[in-house]
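Notes follow the structure.
The numbers here are math on the coordinates, done by the rules we state, and not lab data. Keep in mind that what you see is a predicted model, and the values were worked out from it rather than measured. Positions of Cβ are backbone-derived with ideal geometry, glycine not excepted, and every protein chain shown enters the neighbour counts.
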Amino acid sequence: MRRVRKKIAGVGVAIREFRQQTGLSQDALADRMDVVTSYISMLESGKRYPSIEMLIRLAIALEVRPGAILDRIAELYTPDEDRFPWGAGK
């Protein structure tokens, strides 16, 4: 049986927060990354998730460490009680 993955809403929220802190529009961020604006919109709305490569490209374009984005996603993450993600048992 295939397990359905829970969507992590914090991914898009974190990307939007970093973009806004940098003072960039979605268009400007897309230009820096050489992607279409709709891709940034889909990331921020949670319709798409970035690959590791895209996460690194996002970080470079936003002038932050990739780990800073991941840290923010982890802060926003609220796991189900029946799952054991990082930090389980705390």
Residue-wise HN-Hα coupling along the stretch 66-74, computed from phi with Karplus coefficients 6.51, -1.76, 1.60 (Hz; x: Gly, Pro): x, x, 5, 5, 4, 4, 5, 4, 5
Arrange the following residues from fewest to most other Cβ atoms within 10 Å of their Cβ: 22, 78. 78, 22
I need 56, 15 ordered by Cβ neighbour count within 10 Å, fewest first. 56, 15
Hz values of 3J(HN,Hα) by residue in the stretch 16-24 - Karplus curve (6.51, -1.76, 1.60), Gly and Pro given as x: 4, 4, 5, 5, 5, 4, 7, x, 9
Semi-axes (Å, rounded, descending) of the ellipsoid equivalent to the stretch 10-75 per its C-alpha gyration tensor are 15, 13, 11
Once amide H atoms are built 1.01 Å from N in the peptide plane, which residues 5 or more positions from residue 9, or in another chain, come under 5 Å H to H? none
